[in-house]
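The values are calculated or read from the model by the stated rules, or taken from the named source; none is laboratory data. These numbers come from a predicted model, not from an experiment. Neighbour counts run over all protein chains shown; Cβ positions are idealised from the backbone, glycine included. Heavy atoms of the whole protein, side chains included, go into the accessibility calculation; ligands, DNA and RNA do not. Shrake-Rupley method; radii C 1.70, N 1.55, O 1.52, S 1.80 Å.
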Amino acid sequence: TVPAGGHGMSSNRRRNNRFSGGRSNNNSFGGGRGGGGGRGRGGIAYAGGGGGRGGGGEQPDARLCKFFLLGGPQQCSKGNCQFAHSIQRVADVATAGGGGGARQEHRVAAVCSHKDASGGVRVFTGSKDGHWRMWNAMTWTLEQDVQMEGEIHALEVEAGFLVCGYEGPTPTLPGVTVGLVRAWNLSNPATPYDFRMSEALPFAHLQRTYAVQLKIDAAPEVYTGSHDGAIHCWGFDAANNKFLLKCKLEGHVLGVTSLALFSSGGTFLLSGSMDKSVRVWSVDDPQRKECQGLLTKNNSGHTDVVTAVCALAMGDQNFFLTGSLDQHVRVWNGQGGCDFAQKCGGQVLALCTTQDPSNKAVVLVGLADGTVELRQPELGFRLR
């Protein structure tokens, strides 16, 4: 890991740690300060405008066409509309009943989706009321409603498995809540799997479970992150038909807020934390999970709680993104260098990536005020 105050590993150790942080000389995103043609980070030129900020600051706003947003192209009567036709609302789903003061109890905290073998898409929502719900994405009808023992913080679905991280009571200590994790095989959801550290500790974490990540390969694993800073790696024991705790990934000193997988010459687990750091873990070895990098403000990292991490693929290059309450999204390359930093319109709570109809990468940034920003990496992360 990177020593405190360092901007990277010394040359004799760099071979063992590619995630040393610091600035990068390989910038695919434009940026730098504006003006007639400002200098981009890492030496890439960016055609700045009017002296405004480039990569490190807010890009020019592209306002959405409200007619396209609500009804698609047929609702926009302008032949040459000056507003962006970037996103269209396809449904407005009430995730639970109730109104007035009850709305807060039904606040959605986690969303994921799954496409089955027949091509059908299901959307899963988890909320503060302790329910996860499965919706048919074609009709937006509720198909399943499962009540847990407490507030849901995380949902993840992959290869037909759904994993839920939540907070609930301990079996033996009344009034004490812990971090719980439960999984379902969606082809046989009647028999769920509960994650238990041991017989003496029949739960997944000592404190609430904030993040879950599935790794599906020859030896499937589930990673869970907790408010106590712990990351647990779980493997499936087919002989006993249950998940067992394989190992603990130790390093964070405050809550783990987010987990994601990233590929770059191997498979790595990214973890964001309330301790304002991002850790990069090598997870290819079934038994050993080692921290390969520590990204903090000492090496171009964040200055506040890290709330989101995710992978970003652009052509044959792989990057990863981190978002924070410091209002910035940072882009990191496979060597651990920070290629780009973009200030957003508020504190960042969530990140995800997708592609537009022309197969260009699009990053969706969820902000604390409920705003979702759409940003295009190939255009210097400007708003779409």
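Looking across the range 306-334, the residues that are in contact (Cβ under 8 Å) with a residue 12 or more places away in the chain and open to solvent by 30 Å² or more (accessible area, probe 1.4 Å) come down to ALA311, ALA313, GLN317, ASN318, LEU325, GLN327, HIS328, ARG330. For the range 117-128, name all the residues that are buried (at least 19 other Cβ atoms within 10 Å of the Cβ) and among the charged types (D, E, K, R). Across the range 117-128, the qualifying residue is only ARG122.
Checking the stated criteria, LYS246 turns out to be charged (D, E, K, R) and part of a strand (DSSP E or B). Quick test for you: out of ALA211, ALA204, ALA230, pick the one residue that is within 18 Å of the chain's Cα centre (by Cα), within 17 Å of LEU249 (Cα to Cα) and without any contact (Cβ under 8 Å) to a residue 40 or more places away in the chain. After applying the criteria, what remains is ALA230. Which one is surrounded by the most Cβ atoms within 10 Å (Cβ to Cβ) among residues in the range 147-162 that are farther than 12 Å from THR209 by Cβ and touching a residue at least 40 places away in the same chain (Cβ under 8 Å)? Among residues in the range 147-162 that are farther than 12 Å from THR209 by Cβ and touching a residue at least 40 places away in the same chain (Cβ under 8 Å), the one surrounded by the most Cβ atoms within 10 Å (Cβ to Cβ) is LEU162.
A quick yes/no check of all residues on (1) under 22 Å from PHE320 (Cβ atoms); (2) open to solvent by 10 Å² or more (accessible area, probe 1.4 Å); (3) touching a Cys at 6+ places or on another chain (Cβ under 9 Å):
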site	(1), (2), (3)
TRP234	no, no, no
GLY255	yes, no, no
LEU270	yes, no, yes
VAL278	yes, no, no
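Under 16 Å from the mean Cα position of the chain (by Cα) and not small (Gly, Ala, Ser): which single residue out of ASN333, ASN359, ASN318 fits that description? Just a single option satisfies the conditions, and that option is ASN318. Total residues in the range 191-232 satisfying the condition of being among the basic types (Lys, Arg) and open to solvent by less than 60 Å² (accessible area, probe 1.4 Å): the figure is 1. Pull up the range 242-253, narrow it to residues that are open to solvent by 10 Å² or more (accessible area, probe 1.4 Å) and touching a residue at least 24 places away in the same chain (Cβ under 8 Å), then point me to the one that is nearest to LEU321 (Cα to Cα). Going through the qualifying residues, I end up with HIS252. Take GLU143 and tell me if it is closer than 19 Å to LEU201 by Cβ, open to solvent by 30 Å² or more (accessible area, probe 1.4 Å) and out of contact with any Asp or Glu (no Cβ under 6 Å at 6 or more places or on another chain). Spelling it out, it is not the case that GLU143 is closer than 19 Å to LEU201 by Cβ, open to solvent by 30 Å² or more (accessible area, probe 1.4 Å) and out of contact with any Asp or Glu (no Cβ under 6 Å at 6 or more places or on another chain). Within the range 249-282, the residues that satisfy the criterion of being assigned to a strand (DSSP E or B) and either among the basic types (Lys, Arg) or more than 24 Å from VAL305 (Cβ to Cβ) (or both) are SER263, THR267, ARG279, SER282. Scanning for something part of a loop (DSSP other than H, G, I, E, B), touching a residue at least 24 places away in the same chain (Cβ under 8 Å), open to solvent by 20 Å² or more (accessible area, probe 1.4 Å) and on the phi > 0 side of the Ramachandran plot, does the range 163-186 turn up at least one residue? No, that holds for no residue. Can you spot a residue in the range 108-121 that is modelled with pLDDT of 90 or more and of a type in the set (Lys, Arg)? The answer is no; no qualifying residue exists.
Across the range 261-269, not a single residue is classified as among the polar types (S, T, N, Q) and under 22 Å from CYS164 (Cα atoms). When ALA218 is tested against (1) touching a residue at least 40 places away in the same chain (Cβ under 8 Å); (2) hydrophobic (A, V, I, L, M, F, W, C); (3) over 21 Å from VAL111 (Cα atoms), exactly one condition is not met: (1).
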